[in-house]
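Enquirer: Please find one structure pasted underneath; my questions will follow.
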Amino acid sequence: GVKLLLHGLCSNTTVKSLDLKGNNLRTVGAEALGKLLRQNKSIRSLILEWNSLGMWEEGFSFFCQGLGANNFLQRLDLRNNQINHQGAGELATALKQNASLQELDLRWNNIGLLGGRALLNCLHSNKTLKRLELAGNNVPSDILKAVEQAMDHNQDRQTILSETQNRAYILSKEVLSLKDEKAKQFLDLMDTIDKQREEIARSGRMSAARVSQLQEALDEQHSIMNSLKAKLQMTEAALALSEQKVHNLGELLNATKQEQTSMAERHFTELQQQKQESADREGKLLRDLSAASEKNLLLRNQVDELEKKCKVQQDQLFQVKHDLTNTTAELKLRAVQAEERLEMEKKRFKQSLEDVESLRLKEVDHMTQHIEASERSMQDRIQRLEAIRIALEEELSQVKAAALTERGQAEEELIKVRNQARLEEQQRLEHLEEKLRLMTESRDEAQNCCLKQKQMVGEAQAKANQLSLHADGLRRRLEELQQDLNSKEEEKVTEVNKVKVELQEQIGHLQAERTAQDGLREKIAALERQLKALSSNHREALLDKEGEISMLLEKLRMKEADISRMREEEAQRASFLQNAIMAYVQGSPLGTHSSRK
C-alpha cells in the first residue's frame, strides 16, 4: 500500500507535508521513499517516526541515496527507527550531497560514537543544516557539543547570507536608482545642448539671411551705378554735340561779321534795330540769371531737408543699437541660467557620491561589528573550553595571539582599502570638476563669438543703410543736374566733372566695403566651424563621463566582491579554529578518558 501511495506522490506538485508515522515500513517502503525523494519537488516536511527503517540496510541505503539527490526537502523526522552507526554513515554521505535540509531529528536510535563522528564530519561540508537532534543515541557529550557548535555556526552563516543578500538587493536598487538619475541628467544635458544648437542654427540662418539681403542691396547699388555710368556717357555725348554746335555758331558769327563790315552802311538802320534786340536779349538774360539764383535757393532748401532726414535716420540707427544691447543682455541672462544649471548638476553629482560613500562606510562598520561579535563569541567558547580543560591554556593563548594578529592585519588591510578608495574618488571628482570648468569656458567663448557676429552683422546692416541713403541722394542730385543741363551748358561741364570725381570716390568706398563684407563672410564660416568642433568636443566629454560612471560602478562591484571574499575567509578561519580545537580535544588524554567512560 505504501509503495502505491508513494508512486502516486512522485508526480504530485501540491503536497507540502507527508506524515507516515508508525506504518511498519520495510525494504520496499524504504526504496519507494528513496524514489519519491529523487522525483518529487514539492514535499518540504517528511515524518517517518516509529518505522524501524534502520533494520533494513539495503532499503535504508537506497533511501539515503534519494535524500542526497533531493534539493527541496527541509525537515526530516527519523525518531525511533533503530538506526545504527552504519545507517548514520549513510545519512552523513547523503547530508554531504544535500543542500536544502534544515532540520533532522534522530532521537532515540542506536547511532553511537562512530555514527556521531560520521555526522560531525559531514557537517564540515554541509552548510544548510540548522537543527540536528541526537538525544538518546549513546553519543558522547563532547560530540554533542561539537554538533551544537556546528549548528550554531550554520545558523550564523545563514543569517549572514540572508543579510548579505538583503544588502546586495538594496545596493542593486540604489545603483539602479543612481543609473536612472544619471540617465535623466544626461538627457537633460542633451536637451540643453540641442536647444543651444537650435539657437545657434537660428542665429546662423538669420545672419545668412541678413548677408543675403546685404548682397542683394549691393547688387542693386551696382546696377544703379551702372545706370549712372550710362547716364554720364549720355551727358558727355550731349556735351560734345553742344560744343560742335557752339563751334558752328562761331563760324557763322565770323561770316556774319564779314558780311556786316561789307554791308555796314546799308544796314545801319538794321544794326540799330539789332542793338535794340540785343538790349532786349540782355534783359532776358538778366531775368534768366535771377531765375537761376531762385533755383539755387530752392536747391539749398532741399539740401536742408535732406540733412534733416539724415538726422532722423541716425536716430533710428541709435534705437536699433539700443535694441541690440537689449538682446545681448538677454543672451547674457540665458548664459547665467545655463551656468546655474551646471552648478546644480555638480551639486547633485557630489551629493550622490557622498551618499554612496556613507552607505559604503556604514556597511564596512557593520561588517567590522559583526566580525567583532563573532570573535567575541569565539573567545567566550574558548574560555569555556579552558575552564573544562586547564592543560590547554598555553596552546589556546597562542591561538588567540595568532587570531589577534590576523585581526590586526585584516583591520590594517581594511584601512588601506578605505584610504585608497577615498583617494581615487577625490581624484575622480577633481577630474570631473576640471572637465566641467573647461566645458563652461568653451560655452562662454562660443557665446562671445556669437555676440561678436551679431555686432558685426548689425554694423554691416547700418553701413548698407547708409549706402542706400547715399545712393538715393546721388540719384536726386543726378536728376537735378539733368534738369539744370537744359538751362546752363557751361555749369553742366563743371558739375559733371564734380559728379565724376564723387562717383569715383563712392565706387572706391563701395569696393572697400565689399571686400570687408567678404572678410566678414569668411569669419562667419570660421566661427561656424569652431561651433561644430565645440559641439563634437562636448559630445566626447559626455561619452568620457559615461565611461567614468561605468568604471565607478565596476569598482563598487569589485569592492563588494572583496568584502564578501573577506567574510568567507573569516568564516573559514573560524571553522578551521573550531575544527583544530575539536581535534585537539578529541586527541587529548581528557577526551580519551571521557570516551572510555
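Enquirer: Here is a list of conditions, (1) open to solvent by 40 Å² or more (accessible area, probe 1.4 Å); (2) over 24 Å from D219 (Cβ atoms), and L531 meets all of them except one; can you say which number that is?
Expert: Status for L531: all satisfied but (1).
Enquirer: What about A209, is it modelled with pLDDT under 75 and either loosely packed, with under 12 Cβ neighbours inside 10 Å or closer than 20 Å to R477 by Cα (or both)?
Expert: Here the answer is no, as A209 does not meet what is asked.
Enquirer: Let me ask something additional. Would you mind finding the one in D355, D380 that is under 25 Å from R557 (Cβ atoms), open to solvent by 70 Å² or more (accessible area, probe 1.4 Å) and modelled with pLDDT of 75 or more?
Expert: Among D355, D380, only D355 is under 25 Å from R557 (Cβ atoms), open to solvent by 70 Å² or more (accessible area, probe 1.4 Å) and modelled with pLDDT of 75 or more.
Enquirer: How many of the residues in segment 234-275 are open to solvent by 60 Å² or more (accessible area, probe 1.4 Å), part of a helix (DSSP H, G or I) and over 18 Å from K488 (Cα atoms)?
Expert: Going through segment 234-275 one residue at a time, the tally reaches 18.
Enquirer: Can you list residue pairs whose Cβ atoms sit under 8 Å apart, with the first residue in segment 563-581 being touching a residue at least 40 places away in the same chain (Cβ under 8 Å) and within 18 Å of L120 (Cα to Cα) and the second being outside any helix (DSSP H, G or I) and open to solvent by 40 Å² or more (accessible area, probe 1.4 Å)? Count only pairs 6 or more apart in sequence or on different chains.
Expert: S575/H124; N579/H124
Enquirer: I160 - would you say it is over 30 Å from D444 (Cα atoms) and in a helix (DSSP H, G or I)?
Expert: Yes: the conditions hold for I160.
Enquirer: Then there is this: When residues of segment 106-119 are filtered for being without any contact (Cβ under 8 Å) to a residue 60 or more places away in the chain and open to solvent by 20 Å² or more (accessible area, probe 1.4 Å), how many remain?
Expert: Count: 6.
Enquirer: Among D152, D188, which is open to solvent by 50 Å² or more (accessible area, probe 1.4 Å), farther than 28 Å from Q379 by Cα and not in a loop (DSSP other than H, G, I, E, B)?
Expert: Testing whether each residue is open to solvent by 50 Å² or more (accessible area, probe 1.4 Å), farther than 28 Å from Q379 by Cα and not in a loop (DSSP other than H, G, I, E, B) leaves just D188.
Enquirer: Working carefully through the options K127, K145, find the one that is modelled with pLDDT under 90, open to solvent by 30 Å² or more (accessible area, probe 1.4 Å) and of a type in the set (D, E, K, R).
Expert: It is K127.
Enquirer: Going by the conditions given, is R202 among the charged types (D, E, K, R), in contact with a Lys or Arg (Cβ under 7 Å, 6 or more places away or on another chain) and modelled with pLDDT of 85 or more?
Expert: Criteria not met by R202.
Enquirer: Does segment 459-467 include one or more residues that are among the polar types (S, T, N, Q), modelled with pLDDT of 70 or more and exposed (fewer than 15 other Cβ atoms within 10 Å of the Cβ)?
Expert: There is no residue in segment 459-467 that is among the polar types (S, T, N, Q), modelled with pLDDT of 70 or more and exposed (fewer than 15 other Cβ atoms within 10 Å of the Cβ).
Enquirer: Right, here's the next one. So how many residues does segment 474-503 have that are closer than 18 Å to Q221 by Cβ, touching a helix residue (DSSP H, G or I) at 6+ places or on another chain (Cβ under 9 Å) and either at pLDDT 75 or above or basic (K, R) (or both)?
Expert: The total comes to 6.
Enquirer: Exactly one of (1) modelled with pLDDT of 90 or more; (2) surrounded by 14 or more Cβ atoms within 10 Å (Cβ to Cβ); (3) over 16 Å from L104 (Cα atoms) is unmet by L25. Its number?
Expert: Looking at each condition in turn, L25 falls short on (1).
Enquirer: Next up: Looking at segment 16-36, I want the residues that are touching a residue at least 24 places away in the same chain (Cβ under 8 Å) and have a partner that is open to solvent by 70 Å² or more (accessible area, probe 1.4 Å) and part of a loop (DSSP other than H, G, I, E, B) with Cβ atoms under 7 Å, at least 6 apart or on another chain. Which pairs are those?
Expert: K16/R44; S17/R44; K21/W50; G22/W50; R26/W56; T27/W56; A30/W56
Enquirer: Tell me, please, whether a residue that is more than 28 Å from T494 (Cβ to Cβ) and out of contact with any helix residue (DSSP H, G or I) (no Cβ under 7 Å at 6 or more places or on another chain) can be found in segment 288-298.
Expert: So far as segment 288-298 goes, no, none of its residues is more than 28 Å from T494 (Cβ to Cβ) and out of contact with any helix residue (DSSP H, G or I) (no Cβ under 7 Å at 6 or more places or on another chain).
The values are calculated or read from the model by the stated rules, or taken from the named source; none is laboratory data. Every value quoted in this text rests on a predicted model; they were computed, and no experiment measured them. Ideal geometry is used to build each Cβ from the backbone, glycine not excepted, and the neighbour counts take in all protein chains shown. The protein model used for the area step is the full one, side chains on, heavy atoms only, and it has no ligands, DNA or RNA in it. Shrake-Rupley method; radii C 1.70, N 1.55, O 1.52, S 1.80 Å.
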